[in-house]
Amino acid sequence: MYTPGEEIVQIVDEHNRELGELPRRLMREQRLIHRASYILVFNAAGELFIQKRTASKDVYPGYWDVAAGGVVQAGETYEQSAERELSEELGVGPVK
């Protein structure tokens, strides 16, 4: 079973230098700096797509969000994270 709190994320300092890796749950509990990706999606008319966050999210559950995105997992680039999040949240993939 998938447990978001157990995803391993990259912990960084205020200059984006890697410090280590921890489960997402501990990163949230300790309020540590981490990497994240956020993607704005527009249609051909220039309108911004918004989505309602699921009630199970650990941050702002059930709120409206202007971006797809989330925590960059350990070993992922920002681009890989963005592509994964677009697929998970919006069913969009692969982006070129």
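The values are calculated or read from the model by the stated rules, or taken from the named source; none is laboratory data. In this text, all values refer to a predicted model and were calculated from it rather than measured experimentally. We place every Cβ from the backbone using ideal geometry, glycine too, and count neighbours over all the protein chains shown. Only protein heavy atoms, including side chains, enter the accessible area calculation; ligands, DNA and RNA are left aside. Shrake-Rupley method; radii C 1.70, N 1.55, O 1.52, S 1.80 Å.
Using a probe of 1.4 angstrom and keeping all protein chains present, the accessible surface of the chain works out to 70 square angstrom per residue. Solvent-accessible area of the stretch 4-90 (1.4 angstrom probe, protein heavy atoms only): carbon and sulfur portion equals 54 percent.
Normalised by 2.2 N^0.38 Å, where N is the number of residues, the alpha-carbon radius of gyration of the chain equals 1.13. With every protein chain present, what accessible area does Glu88 have (1.4 Å probe, heavy atoms only), rounded to the nearest 10 Å²? The value for Glu88 is about 110 Å².
Projecting the Cα atoms of Leu19, Leu32, Ile50 onto the dipole axis of the chain, where Lys and Arg carry +1 and Asp and Glu carry -1 at the beta carbon, places Ile50 farthest toward the positive end. When the Cα positions of Leu86, Val66, Gly5 are compared along the charge dipole of the chain, Val66 comes out farthest toward the positive end, with charges on each C-beta of Lys, Arg, Asp and Glu. The magnitude of the dipole of the chain, with charges of +1 and -1 set on the Cβ of Lys/Arg and Asp/Glu and taken from the Cα centre, is near 220 debye.
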